[in-house]
Amino acid sequence: MTTGVAIIGGGASGSLTALAMAGVPGLGPLTLVDTGGAFARGVAYSTEDPVHLLNVPADRMSAFADQPSHLLAWLAARGESADPEAFLLRRQYGAYLGELLHATGDRVRRIVARVDALAPEGPGLRLTLAGGEALEARAAVLALGNFAPELPPGWSELPRRLAWRSPWGTAGDWPAPDAEVLLLGAGLTAVDVVLSLDARGHRGRLHLLSRRGLLPATHPPRMLPPLQLGARPRGLRALVRLFREASAREDPRAVLDTLRPELAAMWRGLSPVEQRRFLRHLRTWFDTIRHRLAPAVGARIAALEAEGRLVRHAGQLVSATEQGGRLALRIRPRGSRALAVLTVDLAIPTTGPVMDVRALEDPLVRSLLASGQARPGPHGLGFATSDQGAVLGPLHDRLWTLGGLRRGDLWETTAIPEIRVQARALAGTIAAALGTRPA
């Protein structure tokens, strides 16, 4: 039972929120609730594979926006390399966040449980847990992180030995070294799985299937300086023209990095029609430049392609059926009306998280939408939120969110540099709200 603030989700976004709130005098008690108990690490930073690196340099990954060198100082204090442009092991970063969270002591209580629903109770909230127990809080923050990948129609009916339900295997569950494997998707998650298979000595051919067959770009060895791009135009066409013209003269990665601090404002300046056009036609191209690979990772993926062990396919999956103990995939190649068939031993969904909250199976999200306590954000991306991150609806004065659940309103909202700023702002907003509301 708590009369303070409950933070639902204990991964990176929830832990950054807890760290920010723990630093505000009088704001507490704080309760961090996580389904799996991977506090501070979540899925992203729980990996133990040494091939999994951050895709952002160390000097941009401090837990505190006002202390940009905090992570570097933490590394130096442990006798580890503190190169600001190094791409750390993801498990290192998980250890960093974990140590910071541990240092909060009894200011942040941690509970392993799943929150299935929440409802108003007096001036606060009642959180219903999966086992039937309940927590009380004066306010809550939804820090749910990324959700599971979206599965194609009929995927769940396929045998699990042929079609995994998530991108990750377990001990003894990885495919045989010579198995032919298809990864459905070609983004960062797909790259992670390729690296894990490669590190385990996988020799069979790996196929990547995505609509456009594009891989994420690779970071340069050293970060590119900001550019002088001139006045920012309004409207999607004009912004695309600015990007194309600048990219003809400069590295497109540097162009996007220069624009990154303004992306949320640019997104909000687009009309709903322009936003839909971006999502339909430009999002994939944007993602390949925006969400990049560490240089060492990009080099390894390029080597696997050069060896013929990794093959990319541009097209759309039409159907998947069991055939002779293997999986037959009918694919419509990009630009072709004819179908092609690819037969593999295993298919793994690596399409990235579900984006539309209306398609999620998460009990809490479904409950909030069904009860009207939250409503979908623009284009179904996350929840509709206020400028301060309040979840719009009847609980707007006691329920907030950050990160991916603000994607529809902000678009650029899922990386540590943005989440840490949101977490700090939420700490101040919630402290002010609770200070004016009777307990």
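Could you work out how far the C-alpha centroid of the range 100-121 sits from that of the range 122-178, in angstrom? So the separation of the two Cα centres works out to 18 Å. Taking packing as the residue-averaged number of other Cβ atoms within 10 angstrom, the listed peptides 342-348, 123-129, 79-85 run from highest to lowest as 342-348, 123-129, 79-85.
One entry in [x] 24.1; [y] 22.6; [z] 20.8 is mean projected area of the Cα convex hull in nm² calculated from the shown coordinates; its label is [y]. Helix content alone sets the calculated 222 nm mean residue ellipticity of the chain: runs of n ≥ 4 DSSP H residues at -39500 (n - 2.57) each, divided across all residues, give -9000 deg cm²/dmol.
Computed log10 I(q)/I(0) for the range 236-290 at 0.17, 0.20, 0.23, 0.26 Å⁻¹: -0.52, -0.74, -0.98, -1.24, from the Debye equation with unit scatterers placed on every C-alpha and solvent omitted. Checking every one of the GluC sites (Glu not before Pro) in the range 330-439 against DSSP loop status and a limit of 14 other Cβ atoms within 10 Å picks out Glu361. Comparing Met355, Met266, Met223 in a Gaussian network model of the chain, where Cα atoms under 10 Å apart are tied by springs, the biggest mean-square fluctuation is seen for Met223. Each residue in Ser367, Ser386, Ser15 was given a count of other beta-carbon atoms within 10 angstrom of its own, and listing them fewest first yields Ser386, Ser367, Ser15. Loop-resident trypsin sites (Lys or Arg not before Pro) (DSSP state other than H, G, I, E or B) in the range 300-361 with no more than 12 further Cβ atoms inside 10 Å of their Cβ: Arg337.
Taking other C-beta atoms within 10 angstrom as a stand-in for reagent exposure, Glu99, Glu307 fall in the order Glu307, Glu99, fewest first.
The trypsin sites (Lys or Arg not before Pro) of the range 34-121 that DSSP puts in a loop, and whose beta carbon has at most 13 other beta carbons within 10 Å, are Arg78.
Only the coordinates and a few stated rules stand behind these numbers; no lab work does. Everything numeric in this text was worked out from a predicted model, so none of it was measured. Cβ coordinates were reconstructed from backbone atoms using ideal geometry, including for glycine residues, and neighbour counts include every protein chain displayed.
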